[in-house]
There are 2 protein chains.
Amino acid sequence: MAEQQPAKKQRTQPTYELLYHPGIPGRGEFIRLAFEAKGVPYYDIANEDQQNGYAEVQKICIGQTAGVDGNPPVFSPPALRVQGAGKDGQSLIISQTPNILWYLGDKLGLTGTNEAEKYYVQQLALTALDLNNEVHDTHHPIAVAKYYEDQKEESLKKAQDVRENRIPKFLSYFARTLEWNAASGKNKYLVGGSLTYADLTVWQVLDGLQFAFPKELEARKKEFPELLGTFYDGVKADLKEYLDSSRRLQYSQGVYRYYPELDRQLRLDAEL
Amino acid sequence: MAEQQPAKKQRTQPTYELLYHPGIPGRGEFIRLAFEAKGVPYYDIANEDQQNGYAEVQKICIGQTAGVDGNPPVFSPPALRVQGAGKDGQSLIISQTPNILWYLGDKLGLTGTNEAEKYYVQQLALTALDLNNEVHDTHHPIAVAKYYEDQKEESLKKAQDVRENRIPKFLSYFARTLEWNAASGKNKYLVGGSLTYADLTVWQVLDGLQFAFPKELEARKKEFPELLGTFYDGVKADLKEYLDSSRRLQYSQGVYRYYPELDRQLRLDAEL
């Protein structure tokens, strides 16, 4: 608007704000990894402002009708707020993890080198996020708002199907993509010859799977040696500084949970 | 490549091919609606070439390692093939429904009038597709590869949660977005003043819900009068020619199925 002062050249706040729940990696982690991999500053408001941060996230992300700064309502966190990038110099607020990744992929240089690669990167991220959802459902197959303990019988069945059928189907797809791209990616990158948010998103899901289903993943290492070896270790090395920092939150009661009864059960010799 | 002839100016084949299962609307329907709403020709290969079409879909979309025409493997249908748009004049093949919609949104003029609106449109489509997945899980909460009859007990519980908690949460979000955009959209469009693929995607989910849970949706009409009235009827009118044609496939054994036991049960007066 005409009355507004021009934005300050030197900002004291980071431009990018992550709006997400505090204390868990969750779906916010896919966004954090994009920033961390490129060393770009971001403000993780609910974790960094423990006094007022989460109230701000809730104000923007829960139950809004009017929208904030001219943006439409948000269905649920994570959302990204970019100061000055919206209507009339206000903030831009966008939501849905893969949508935020598409936006940041362009800005941060994490989405390949041509138009086709942008779509390849997004389809891989979307597929990894589908697996992320299926893993969530291993401990919440009936109702997201009920306790695990109240849907444990169904969880045992769901987890068995996800471990035996769905995880190998998804991992086979990622492994085949790695192989397809081996000439450029050297078994380290899924698309092209450098890091993209497809790598980061698939990596985070693999890392979470190893936390939630350690026996299952250990048993599958032989089937997917490059995916769970060269690829997993390579991205991990790229993220080392972040992973060693206190900004990397521990898995706890989010998507990736460790319930031993949902993991592969060691079979007795007598059963084989 | 240097040896190639330039592409013919007059194509005899449509440029866009939808690669999907035959005989069901499914996730392919979100792609069909984009073409149909704009009257842009597309080749629905598995339905239009009943002899060889589905074999071609399977060849490209199931278990590929090498990829086709330099494109990476596809996880599962739907995929979109665009002749001449890929590497060295070969075809471009991309997958994942929201990714295909993003691509077509640009080409067909279904994604708003500025950069911010493109992200708003995509976040709405992604959210509608999340609800689409949750509806699928009402009849397959335990395992996608097992029969409904083998997971019926769990389906009764899952469907109750989706009906009572998830459907109102999602419909409230779409209704609030409609309200946010009422000045431009007149309760007919979710983003801006004309049709986008957000409208088409939300509409298709609402249409499927009315098929799968007719009593539930009837009972909720009072809560969401614009969404299930002006909006639903308006998009339906825009699609009338298509919906009246034989190209619009019937719901059957896809995502949207009618199992009366999963719908809201009429309560006896004595229970109230």
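The values are calculated or read from the model by the stated rules, or taken from the named source; none is laboratory data. Every value quoted in this text rests on a predicted model; they were computed, and no experiment measured them. Here the Cβ is made from the backbone with ideal geometry for all residues, glycine too, and neighbour counts use every protein chain on show. For the accessible areas, the whole protein counts, side chains as well, though only heavy atoms, and no ligand, DNA or RNA atoms are used. Shrake-Rupley method; radii C 1.70, N 1.55, O 1.52, S 1.80 Å.
Using the structure shown, decide if residue B:205 is crowded, with 19+ Cβ neighbours inside 10 Å, assigned to a helix (DSSP H, G or I) and away from chain A (no Cβ under 14 Å).
On the way: crowded, with 19+ Cβ neighbours inside 10 Å: yes; assigned to a helix (DSSP H, G or I): yes; away from chain A (no Cβ under 14 Å): no.
In short, no.
Does segment B:230-246 hold any residues that are open to solvent by less than 30 Å² (accessible area, probe 1.4 Å) and farther than 14 Å from residue B:207 by Cβ, and which are they? Spell out how you get there, then give the answer.
Step one: filter segment B:230-246 for residues open to solvent by less than 30 Å² (accessible area, probe 1.4 Å), giving B:231-232, B:234-235, B:239, B:242, B:245.
Residue satisfying the conditions is B:245 alone.
What about residue B:103, is it more than 24 Å from residue B:251 (Cβ to Cβ) and either of a type in the set (Asp, Glu) or at pLDDT 95 or above (or both)? Steps first, answer last, please.
Numbers: more than 24 Å from residue B:251 (Cβ to Cβ): yes; either of a type in the set (Asp, Glu) or at pLDDT 95 or above (or both): yes.
Yes.
Assuming residue A:172 fulfils every condition listed in (1) hydroxyl-bearing (Ser, Thr, Tyr); (2) part of a loop (DSSP other than H, G, I, E, B); (3) under 17 Å from residue A:222 (Cα atoms) apart from one, which condition is it?
With (1) hydroxyl-bearing (Ser, Thr, Tyr); (2) part of a loop (DSSP other than H, G, I, E, B); (3) under 17 Å from residue A:222 (Cα atoms) applied to residue A:172, the lone miss is (2).
Starting from residues that are touching a residue at least 40 places away in the same chain (Cβ under 8 Å) and crowded, with 19+ Cβ neighbours inside 10 Å, keep the ones in segment B:170-184 and report whichever is farthest from the other protein chains (Cβ to nearest Cβ).
B:171
Quick check on my filter: what residues within segment A:38-83 are touching a Lys or Arg at 6+ places or on another chain (Cβ under 8 Å), among the charged types (D, E, K, R) and free of Cβ contacts under 8 Å to residues at least 60 places away in the same chain?
A:69
Please enumerate the residues belonging to segment A:137-157 that are part of a helix (DSSP H, G or I) and open to solvent by less than 10 Å² (accessible area, probe 1.4 Å). Can you show your working first?
Start the filter on segment A:137-157 by keeping residues that are part of a helix (DSSP H, G or I), which leaves A:137-139, A:148-157.
Selection gives A:138, A:139, A:148, A:151, A:155.
If you go through segment A:15-33 one residue at a time, how many are free of Cβ contacts under 8 Å to residues at least 60 places away in the same chain and more than 21 Å from residue A:130 (Cα to Cα)?
Residues of segment A:15-33 free of Cβ contacts under 8 Å to residues at least 60 places away in the same chain: A:20-22, A:28.
Imposing the further condition that a residue be more than 21 Å from residue A:130 (Cα to Cα) reduces the set to A:22.
The total comes to 1.
Which of the residues spanning segment B:213-223 are in contact (Cβ under 8 Å) with a residue 24 or more places away in the chain, surrounded by fewer than 17 Cβ atoms within 10 Å (Cβ to Cβ) and either assigned to a loop (DSSP other than H, G, I, E, B) or touching a His at 6+ places or on another chain (Cβ under 9 Å) (or both)?
Correct list: B:223 only.
Among the numbered conditions (1) in a helix (DSSP H, G or I); (2) surrounded by fewer than 22 Cβ atoms within 10 Å (Cβ to Cβ), tell me where residue A:187 comes up short.
(1)
Just checking: which of the helices (runs of 4 or more DSSP H) contained wholly in segment A:22-136 hold 1 or more residues that are within 21 Å of residue A:246 (Cα to Cα) and open to solvent by 30 Å² or more (accessible area, probe 1.4 Å)? Lay out the reasoning, then the answer.
Working: elements: A:28-38, A:45-48, A:53-61, A:97-108.
Output list reads A:28-38, A:45-48, A:53-61.
Can you give me the number of residues within segment B:64-78 that are more than 9 Å from chain A (Cβ to nearest Cβ) and over 13 Å from residue A:180 (Cβ atoms)? Give the steps one after another, and end with the answer.
First, the residues of segment B:64-78 that are more than 9 Å from chain A (Cβ to nearest Cβ): B:68-69, B:77-78.
Among the residues that remain, those that are also over 13 Å from residue A:180 (Cβ atoms) are: B:77-78.
Within segment B:64-78, residues that are more than 9 Å from chain A (Cβ to nearest Cβ) and over 13 Å from residue A:180 (Cβ atoms) number 2.
Of the conditions (1) touching a residue at least 12 places away in the same chain (Cβ under 8 Å); (2) within 14 Å of chain A (Cβ to nearest Cβ); (3) within 25 Å of residue B:107 (Cα to Cα), residue B:226 fails just one. Which one is it?
(3)
Say whether the condition of being more than 9 Å from chain B (Cβ to nearest Cβ), surrounded by fewer than 19 Cβ atoms within 10 Å (Cβ to Cβ) and without any contact (Cβ under 8 Å) to a residue 60 or more places away in the chain is met by at least one residue in segment A:161-169.
Yes, because at least one residue in segment A:161-169 is more than 9 Å from chain B (Cβ to nearest Cβ), surrounded by fewer than 19 Cβ atoms within 10 Å (Cβ to Cβ) and without any contact (Cβ under 8 Å) to a residue 60 or more places away in the chain.
So residue A:119 clears everything in (1) modelled with pLDDT of 95 or more; (2) within 27 Å of residue B:166 (Cβ to Cβ) except one condition, right? Which one?
(2)
For a quick check of your reading of the model, give me the residue pairs whose first member lies in segment B:124-153 and is at the interface with another protein chain (Cβ under 10 Å from one of its Cβ atoms), whose second is of a type in the set (Gly, Ala, Ser) and assigned to a helix (DSSP H, G or I), with beta-carbon atoms closer than 7 Å and at least 6 apart or on different chains.
Matching pairs, first to second residue: B:124/B:198; B:125/B:198; B:141/B:155.
Consider residue A:252 against the criteria (1) closer than 20 Å to residue A:127 by Cα; (2) more than 13 Å from chain B (Cβ to nearest Cβ); (3) in contact (Cβ under 8 Å) with a residue 60 or more places away in the chain; (4) surrounded by fewer than 21 Cβ atoms within 10 Å (Cβ to Cβ): it satisfies all of them except one. Which criterion is unmet?
(1)
Quick test for you: out of B:258, B:242, pick the one residue that is hydroxyl-bearing (Ser, Thr, Tyr), touching a helix residue (DSSP H, G or I) at 6+ places or on another chain (Cβ under 9 Å), touching a residue at least 40 places away in the same chain (Cβ under 8 Å) and not in a helix (DSSP H, G or I). Quick ask: steps written out before the conclusion?
Working: B:242 fails: not in a helix (DSSP H, G or I).
From the options B:258, B:242, the qualifying one is B:258.
Conditions: (1) outside any helix (DSSP H, G or I); (2) open to solvent by less than 40 Å² (accessible area, probe 1.4 Å); (3) at the interface with chain A (Cβ under 10 Å from one of its Cβ atoms); (4) over 19 Å from residue B:236 (Cβ atoms). Residue B:192 meets all but one. Number of the miss?
(3)
Take the residues of segment A:86-100 that are over 22 Å from residue A:123 (Cα atoms) and within 8 Å of chain B (Cβ to nearest Cβ): which is modelled with the highest pLDDT?
A:92
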